[in-house]
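The values are calculated or read from the model by the stated rules, or taken from the named source; none is laboratory data. No experiment lies behind these values; they were computed from the predicted model shown. FYI the Cβ positions are ideal-geometry reconstructions off the backbone, even for glycines, and counts take in every protein chain you see.
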Amino acid sequence: KQEVTQIPAALSVPEGENLVLNCSFTDSAIYNLQWFRQDPGKGLTSLLLIQSSQREQTSGRLNASLDKSSGRSTLYIAASQPGDSATYLCAVRESGTYKYIFGTGTRLKVLA
Amino acid sequence: DARVTQTPRHKVTEMGQEVTMRCQPILGHNTVFWYRQTMMQGLELLAYFRNRAPLDDSGMPKDRFSAEMPDATLATLKIQPSEPRDSAVYFCASGDPINNEQFFGPGTRLTVL
């Protein structure tokens, strides 16, 4: 059974720092992996989608990498800003299904 | 501006009452997911549809929950009878037909007293 883990559960950094959020999954047979952010009381906003054949995807200050063989993905946020404060979730779509399995998220706080 | 819409946004009801939540997926998306989010359990998949056909509802309590997709523009999640433990935020998401990238609605916050 696929399990998705995100460490750390919470992170607090000063503004301007570059930071890395981690996502681990137990079964490497995935179709793709998606990163989301969730602001308090809001829905999830899609940030990046990485196909299993890709190594990384970039959008603005965000870069997500995928290493299927080791069961890991990282989300890199450059020059963090207070507006980046949110919970970040990763979700993997298993091969042969349309289901996504979500991690429990990393709650990020960027201090001004 | 294509987005997933959900109604109602908030619902307060008493135990035993029927609750119906509605979702309009993004036009052209052919996969629809229903999730429930609580502090304790995080985000749980309840059911999902592909081309309006239910593919998996193993995450749903079958005795009280039902999910349907009467047409391509409407998905419904019904709870009957509702219980206090059903209190949560219920999200609908739709997936695009090429990559199945998910786009979430704003959620329905359900409180069962």
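There is no residue in segment A:55-71 that is basic (Lys, Arg) and within 12 Å of chain B (Cβ to nearest Cβ). Taking segment B:101-111 as the range and being within 7 Å of chain A (Cβ to nearest Cβ) and either over 22 Å from A:Gln54 (Cβ atoms) or outside any strand (DSSP E or B) (or both) as the test, the residues that pass are B:Glu101, B:Phe104, B:Gly105, B:Pro106, B:Gly107. Within segment A:53-66, is even one residue on the phi > 0 side of the Ramachandran plot, in contact with a Lys or Arg (Cβ under 7 Å, 6 or more places away or on another chain) and surrounded by fewer than 16 Cβ atoms within 10 Å (Cβ to Cβ)? Checked against the condition, which is being on the phi > 0 side of the Ramachandran plot, in contact with a Lys or Arg (Cβ under 7 Å, 6 or more places away or on another chain) and surrounded by fewer than 16 Cβ atoms within 10 Å (Cβ to Cβ), segment A:53-66 yields no hits at all. Here the condition is being in contact with a Ser or Thr (Cβ under 7 Å, 6 or more places away or on another chain) and not β-branched (Val, Ile, Thr); of B:Gln17, B:Gln80, B:Gln37, it holds for B:Gln17 alone. Among the residues making up segment A:20-31, those that are touching a strand residue (DSSP E or B) at 6+ places or on another chain (Cβ under 7 Å) and modelled with pLDDT of 95 or more are A:Val20, A:Leu21, A:Asn22, A:Cys23, A:Ser24, A:Phe25. With the structure loaded, tell me whether A:Tyr88 is touching a residue at least 40 places away in the same chain (Cβ under 8 Å), aromatic (Phe, Trp, Tyr), over 18 Å from A:Ala9 (Cα atoms) and surrounded by 15 or more Cβ atoms within 10 Å (Cβ to Cβ) or whether it fails that test. In short, no. Meeting the requirement of 3 or more residues that are closer than 25 Å to B:Val112 by Cβ and away from chain A (no Cβ under 12 Å), the strands (runs of 3 or more DSSP E) wholly within segment B:13-100 are B:19-24, B:65-71, B:74-79.
If you take the residues in segment B:1-12 that are part of a loop (DSSP other than H, G, I, E, B) and among the charged types (D, E, K, R), which one is modelled with the lowest pLDDT? Outline the logic, then answer.
We begin by selecting, within segment B:1-12, every residue part of a loop (DSSP other than H, G, I, E, B); these are B:1-4, B:8-9.
Checking which are among the charged types (D, E, K, R) leaves us with B:1, B:3, B:9.
Values: B:Asp1: 66, B:Arg3: 94, B:Arg9: 97.
Applying the filter and picking the extreme gives B:Asp1.
Selection over segment A:1-49 of residues that are in contact (Cβ under 8 Å) with a residue 60 or more places away in the chain, within 14 Å of chain B (Cβ to nearest Cβ), surrounded by 15 or more Cβ atoms within 10 Å (Cβ to Cβ) and within 17 Å of A:Tyr98 (Cα to Cα) gives a count of 7.
Regarding B:Glu68, is this residue under 21 Å from B:Glu18 (Cα atoms) and surrounded by fewer than 20 Cβ atoms within 10 Å (Cβ to Cβ)?
Details: under 21 Å from B:Glu18 (Cα atoms): yes; surrounded by fewer than 20 Cβ atoms within 10 Å (Cβ to Cβ): yes.
Yes, satisfied.
Restricting A:Ser65, A:Ser85, A:Ser24 to residues that are farther than 28 Å from B:Gly107 by Cα and small (Gly, Ala, Ser) narrows the list to A:Ser65. Of all residues in segment A:76-112, those satisfying the criterion of being among the aliphatic types (A, V, I, L, M) and away from chain B (no Cβ under 14 Å) are A:Ile77, A:Ala78, A:Ala79, A:Leu108, A:Val110, A:Leu111, A:Ala112.
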